[in-house]
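Below is one structure; the comments refer to it alone.
The values are calculated or read from the model by the stated rules, or taken from the named source; none is laboratory data. Nothing here was measured: the structure is a model prediction, and the numbers come from that model. So basically every Cβ, Gly included, is an ideal-geometry build from the backbone, and we count neighbours across all protein chains shown. Just the protein is used for accessible areas: all its heavy atoms, side chains included, with ligands, DNA and RNA removed. Shrake-Rupley method; radii C 1.70, N 1.55, O 1.52, S 1.80 Å.
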Amino acid sequence: MTLDAKIPNGFLAEKWTQHQFNLKLINPANKRKYDIIVVGTGLAGASAAATLAELGYNVKVFCFQDSARRAHSVAAQGGINAAKNYQNDGDSIFRLFYDTIKGGDFRAREADVYRLAEISNNIIDQAVAQGVPFAREYGGLLDNHSFGGAQVSRTFYAKGQTGQQLLIGTYSALSRQIANGKVKMFPRTEMLEVVTIDGKARGIVTRNLVTGAIESHNAHAVLLGTGGYGNIYFLSTNCMGANVTAAWQAHKKGAFFANPSFTQIHPTCIPVHDRHQSKLTLMSESLRNDGRVWVPKNREDKRHPNDIPENERDYFLERKYPSFGNLVPRDVASRSVKQVCDQGYGVGQTGLAVYLDFGKAIKRRGMDAIKHSYGNLFQIYEKITNENAYEMPMKIYPAVHYTMGGLWVDYNLMTTVPGLYALGEANFSDHGGNRLGASGLMQALADGYFILPRTIADYLATLPYDKISTEHSAFKEAEDNAKNRINQLLALKGNKTVDEFHKELGLIMWNHCGMSRSEASLKTAKEKIKVLEEEFWENLSMVGSNEELNQTLEKALRVADFLEMSQLMVTDASHRKESCGSHFREESQTEEGEAKRDDENFTYVAAWEYQGKNKSEVLHKEALTFENVKLTQRSYK
Amino acid sequence: MKIHLKIWRQKNSETPGKMVDYTLDEISPEISFLEMLDILNEDLLKKGEEPVAFDHDCREGICGMCSLYINGRSHGTEQGITACQLHLRSFKEDDTIYVEPWRAQPFPVIKDLIVDRSAFDRIIQAGGYISVNTGSAPDANAIPISREVAKEAFEAADCIGCGACVAACKNASAMLFVAAKVSHLALLPQGQVEKQSRVEKMVAQMDKEGFGACTNTGACSYECPKNISLSHIARLNREYLTAKLASKHLS
Ligand SMILES: Cc1cc2nc3c(=O)[nH]c(=O)nc-3n(C[C@H](O)[C@H](O)[C@H](O)COP(=O)(O)OP(=O)(O)OC[C@H]3O[C@@H](n4cnc5c(N)ncnc54)[C@H](O)[C@@H]3O)c2cc1C
Ligand code: SF4
Ligand code: FES
């Protein structure tokens with residue numbers, strides 16, 4: 001099969017407008033004849049579901065939390081980008097497009113990214129109309145701050161709780177449609193299988209997390225807004241429940257997985273401090289507006305940071321990247337932090353931390369201004385570390401944060417399975433090898449509010465109205481698959497817990513397929529995961545039954561999929577012999593230790609096709625062409 | 001450090017529950033409260049026993065999923081935080097800690113420490129939104145909003161829907177939760193059009209779900225992890241009275 005991204009012809013700035021005109025429409029009276037399944041209630045899923053229901057479609061929505069309002073988008077802190085140019089600092093749609101393409105190290109599609117930048121402005125309008133209380137200036141107009149990888153201020157924010165406030169917006173739009181009877185909501189329900197009939201997605205199989213009931217749901221199309229899979233590393237900034245199950249099961253039914261190894265490691269997180277730690281906490285990138293990153297110039301300097309004089313501090317980001325300074329993109333910042341720590345300059349008990357210092361900013365802007373901008377972040381920091389960042393610098397270290405990889409989708413957000421769509425972090429579309437800060441929220445909402453609701457009609461219009469009954473053998477087969485998986489797991493009475501397996505997998509991935517990767521480390525990863533997976537299916541200790549709320553079973557199902565998925569990540573990482581963005585192959589670096597791309601051989605999206613358990617996946621390449629930007633070695637110096 | 005736990009165990013909504021004793025030796029005071037429960041659960045699993053079921057997801061105080069009643073207080077004795085933000089350093093060697101689910105009739109227990117809070121979702125569905133379809137919004141800067149109003153609206157919108165206020169209230173009143181939403185939207189110019197019907201519908205749904213009356217004891221605000229202020233309840237009452245008067249006037 002050849003991959004067709006369905007990118008419209010024409011000038012970059014006109015593609016989306018022209019494409020919308022060319023797409024088929026469905027008249028309002030006929031929309032109610034179509035049923036659509038949306039899995040996920042994050043910004044992507046909830047915005048799509050609400051908008052589709054407003055348009056008249058019948059929508060069923062699923063999430064594993066007890067309420068749609070708790071999807072992990074809620075935890076996004078720093079902000080959301082838009083090319084409004086309210087600050088009159090030279091921003092434009094083209095600049096946002098360019099920054100995003102460059103930030104992604106030229107491994108994303110021009111057309112998709114341009115459309116994202118174009119739509120960014122509508123998102124802010126929509127959110128404000130819903131009552132999202134973004135920060136404002138004294139005159140009452142919207143305020144902005146700067147994020148990494150940009151030299152303009154285009155990030156809209158609501159304290160350090162932008163994701164929460166945006167999600168309350170989508171949740172309220174969704175709630176309104178539930179009240180209207182256009183959306184049926186299924187919380188505490190986990191999708192375990194995609195059902196395909198004649199090659200098209202026609203429904204899903206779910207497990208009710210309270211009763212254990214395995215149920216089939218049919219529809220004309222299925223949307224996955226199921227988030228990222230960073231939790232494969234066990235320790236990450238993701239929520240505890242984040243998983244790859246929905247995307248992975250879709251992959252097994254024919255959806256190609258694109259750039260699975262592209263994982264963002266965020267530079268500013270609270271360092272690991274205990275072996276029982278269950279998750280890592282982000283300290284928003286917005287802090288780098290005012291916080292300065294440094295380590296002591298002398299490796300042996302064990303003084304309290306406040307006692308180390310200015311001239312004995314190495315502000316290494318400002319030194320190495322004078323034009324972007326502390327606001328270099330995440331991949332660049334993370335690698336620099338790792339480098340100085342690897343060289344022995346790290347601080348704190350473990351030596352795996354650097355300082356993020358607000359001393360100067362507090363002097364310059366005043367304590368109140370700093371509290372106003374970051375109060376809740378400083379509070380989170382204090383709760384976890386018992387240290388007051390107003391009085392002494394924060395200690396930070398990189399942590400797994402986001403997955404740029406995801407299900408391959410075309411320009412219409414359709415996967416390689418007709419009728420199956422992927423939105424938000426679950427798809428691979430816009431961020432290439434590295435996502436810029438404040439662009440994840442933008443993409444999730446662009447997909448859900450403005451792109452998918454328009455493109456899906458083009459597909460639905462080709463389908464008959466009749467639904468396929470859940471009595472169809474394909475549903476029964478999928479139910480049996482799910483039940484078999486569950487029974488197989490529940491039969492295991494070994495002596496290692498699912499968390500122990502998950503932690504081991506996480507460590508393998510972090511050490512061998514994390515911030516830096518090499519032929520040798522990836523080979524080790526592959527061997528170790530294989531052994532771990534075999535042990536999992538023999539020595540897992542399970543309790544309880546399916547017919548009840550069983551959190552051990554929920555975790556086991558997710559970890560089983562992580563164990564499979566991690567192997568594809570390693571395969572992808574080892575096939576891409578260049579470095580690009582967050583994917584750093586030790587064999588491919590510049591003299592200064594920066595990521596070195598190999599455009600001649602790797603200017604493509606790697607899309608993997610599943611072949612069956614324990615069979616090598618087949619690689620498909622979607623060549624990337626750049627007509628509007630020039631491929632350059634990224635420089636933030 | 002050594003900690004004694006008394007934890008509510010209940011197989012499901014039909015089976016009666018009871019407090020069960022556990023002891024953890026040698027745990028690090030640096031870990032979080034939920035990580036302590038993780039350790040307990042690992043021990044239980046190793047013994048072939050069922051782990052303690054509890055709700056949690058973000059573990060950083062923002063999703064509102066965790067819902068533990070610790071030593072007789074919603075989210076524990078520290079103010080302004082959720083249970084997932086609580087750390088063992090707040091406890092002493094040999095302490096006995098009681099851990100229970102939210103206790104309120106409209107929040108039935110599903111299992112162990114997990115309760116059903118869907119009543120909150122239904123209250124929002126009754127009217128906790130501004131009716132604006134996708135694509136119909138004017139430019140975001142078309143309506144300036146003063147910094148003070150934006151700040152106050154934000155402070156109300158800060159509610160994470162955890163239900164601690166209900167669990168803290170002797171009447172199981174949901175007034176603070178409802179007031180936070182009513183206030184958030186009533187403060188903003190965008191929320192004016194539906195202001196009256198919103199408050200009426202949300203209060204009606206709140207009553208229908210069986211939440212108790214508000215007798216102004218203030219426990220809700222005191223226990224709220226986001227410090228939602230009682231002044232929002234005052235605003236809710238004002239909004240509700242105005243709405244009632246207006247609808248009487250109309251009918
Ligand atoms: C701590 C943190 C801070 C961040 N800060 C920012 C920021 O400041 N700016 C920015 O732009 N981006 C930020 N990001 C990234 C951004 O928040 C996410 O990429 C984005 O919110 C993802 O939205 P989503 O809708 O794709 O998925 P999510 O919000 O993760 O939602 C996933 C949904 O899928 C459901 N789900 C998953 N699997 C299943 C299944 N098998 N069955 C049923 N339901 C399922 C879940 O219940 C949930 O409802 C941050 C991310 C993190 C982790
Ligand atoms: S008002 Fe406070 S306690 Fe009540 S649900 Fe909201 S955040 Fe929780
Ligand atoms: S787990 Fe999210 S608020 Fe506690």
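Numbers at a glance
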{"item": "Cross-link pairs A:338/A:363; A:33/B:208; A:297/A:395; A:523/A:630 - those with Cα-Cα distance over 24 Å", "result": "A:338/A:363; A:33/B:208; A:523/A:630"}
{"item": "For the protein assembly as shown, size of Cβ-based charge dipole, Lys and Arg +1, Asp and Glu -1, in debye", "result": "1640"}
{"item": "Label-to-label distance, nm, for residues given as residue A:589 and residue B:93 (7 Å Cα→Cβ offset)", "result": "4.7"}
{"item": "Residues of the range A:177-203 buried by at least 20 Å² on assembly (accessible area, 1.4 Å probe, chain alone as reference)", "result": "A:178, A:179, A:188"}
{"item": "J(HN,Hα) series, the range A:184-200, from Karplus relation 6.51 cos²θ - 1.76 cosθ + 1.60, nearest Hz, glycine and proline x", "result": "10, 9, 10, x, 6, 9, 10, 6, 10, 8, 9, 9, 10, 10, 6, x, 10"}
{"item": "Percent accessible area from carbon and sulfur atoms, chain A, protein chains only, probe 1.4 Å", "result": "49"}
{"item": "Whichever lysines have a C-alpha closer than 17 Å to that of residue B:201, once near sequence neighbours (fewer than 8 apart) are set aside", "result": "B:181, B:244, B:248"}
{"item": "Amide proton proximity set for residue B:53, modelled H, under 5 Å, gap of 5+", "result": "B:113"}
{"item": "Residue A:89-residue A:492 pseudo-label distance in nm [points 7 Å out on the Cα-to-Cβ vector]", "result": "5.0"}
{"item": "Percent carbon-and-sulfur accessible area, the range B:3-111, ignoring ligands, DNA and RNA, probe 1.4 Å", "result": "48"}
{"item": "Whole-number accessible area per residue in Å² for chain B, which is evaluated in the context of all protein chains at 1.4 Å", "result": "40"}
{"item": "Helix-only CD estimate at 222 nm, as mean residue ellipticity for chain A, using -39500 (n - 2.57) per DSSP H run (n ≥ 4)", "result": "-11000 deg cm²/dmol"}
{"item": "Protein accessible area in the range B:127-219, 1.4 Å probe - carbon and sulfur %", "result": "54"}
{"item": "23 Å Cα-Cα reach of residue A:253 towards lysines, excluding residues that sit fewer than 8 places from it in its own chain", "result": "A:6, A:60, A:200, A:467, A:476, A:483, A:530, A:555, A:613, A:615, A:621"}
{"item": "Residues along the range B:108-123 losing 10 Å² or more of accessible surface when the other protein chains are present rather than the chain by itself (probe 1.4 Å)", "result": "B:110, B:111, B:114, B:117, B:121"}
{"item": "Per-residue HN-Hα couplings for the range A:623-637 [Karplus 6.51, -1.76, 1.60; θ = phi - 60°; Hz; x = Gly/Pro]", "result": "5, 9, 10, 10, 10, 10, 10, 9, 5, 10, 5, 4, 9, 10, 6"}
{"item": "Inter-centroid distance (Cα atoms) of the range B:49-65 relative to the range A:149-195, Å", "result": "20"}
{"item": "Amide H contacts under 5 Å for residue A:195, placed H, 5+ residues apart", "result": "A:202, A:203, A:204, A:205"}
{"item": "Stokes-Einstein D in µm²/s, Kirkwood radius over Cα pairs - the range A:244-402 at 4 °C with 1.567 mPa s viscosity", "result": "77"}
{"item": "For the range A:64-143 versus the range B:1-24, the gap between their alpha-carbon centres in whole angstrom", "result": "46"}
{"item": "With Cα atoms, 0 to 90° folded angle of helix B:118-127 axis to chain B main axis", "result": "10"}
{"item": "Signed unit charges on C-beta, dipole axis of chain A, positive-most listed residue A:225, A:623, A:341", "result": "A:225"}
{"item": "Virtual paramagnetic centre 7 Å along Cα→Cβ of residue B:49, amide N under 19 Å, in the range A:464-495", "result": "A:494-495"}
{"item": "Extreme residue, positive dipole direction of the protein assembly as shown, given options B:166, A:506, B:191 (C-beta unit charges)", "result": "B:191"}
{"item": "Charge sum, other residues only, whose C-beta stays under 12 Å from residue A:627's C-beta, Lys/Arg counted +1 and Asp/Glu -1", "result": "+2"}
{"item": "The range B:3-111: translational diffusion in µm²/s, Stokes-Einstein, Kirkwood Rh over Cα pairs, 4 °C, 1.567 mPa s", "result": "90"}
{"item": "Net dipole in debye of chain B [+1 Lys, Arg Cβ; -1 Asp, Glu Cβ; about Cα centre; nearest 20]", "result": "1200"}
{"item": "Charge context of residue A:115, other residues only, Cβ under 14 angstrom, K/R +1, D/E -1", "result": "-3"}
{"item": "Accessible area buried between chains B and A, both sides summed, probe 1.4 Å, in Å² to nearest 100", "result": "6300"}
{"item": "Proximal lysines to residue B:92, defined as alpha-carbon separation beneath 19 angstrom and excluding residues fewer than eight positions away on the same chain", "result": "A:383, B:2, B:6"}
{"item": "Solvent-free Debye scattering, log10 I(q)/I(0), computed from the Cα coordinates of the range B:76-140 at q = 0.16, 0.17, 0.18 Å⁻¹", "result": "-0.80, -0.84, -0.88"}
{"item": "Computed FRET value (nearest 0.05) for residue B:139 with residue A:151, which takes r as the C-beta separation and R₀ as 30 Å", "result": "0.75"}
{"item": "Rounded FRET efficiency, nearest 0.05, which uses the C-beta distance separating residue A:299 from residue A:391 and R0 of 35 Å", "result": "0.90"}
{"item": "Ordering of A:496-509, A:168-181 by burial proxy (mean other Cβ atoms within 10 Å per residue, highest first)", "result": "A:168-181, A:496-509"}
{"item": "Calculated [θ] (222 nm, deg cm²/dmol) that DSSP helices of n ≥ 4 give over chain B, each run adding -39,500 (n - 2.57)", "result": "-11000 deg cm²/dmol"}
{"item": "Residue-wise HN-Hα coupling along the range A:216-233, computed from phi with Karplus coefficients 6.51, -1.76, 1.60 (Hz; x: Gly, Pro)", "result": "9, 10, 9, 6, 8, 8, 10, 10, 10, x, 9, x, x, 10, x, 5, 4, 7"}
{"item": "Amide proton proximity set for residue B:173, modelled H, under 5 Å, gap of 5+", "result": "B:212"}
{"item": "Peptides ranked, highest mean first, by Cβ atoms within 10 Å: ranges A:520-526, A:285-291", "result": "A:285-291, A:520-526"}
{"item": "Nitroxide proxy distance, nm - points 7 Å out along Cα→Cβ at residue B:9 and residue A:197", "result": "4.6"}
{"item": "Axial C-alpha extent at least 27 Å, average Kyte-Doolittle at least -0.5 - helices from chain A (DSSP)", "result": "A:110-130, A:551-575"}
{"item": "Percent of alpha-carbon pairs separated by more than 36 Å within the protein assembly as shown", "result": "45"}
{"item": "Largest to smallest principal axis extent of the C-alpha atoms in the range A:487-598, angstrom", "result": "57, 23, 18"}
{"item": "Counted charge near residue A:256, where neighbours are those whose Cβ lies closer than 13 Å (Asp, Glu -1; Lys, Arg +1)", "result": "-3"}
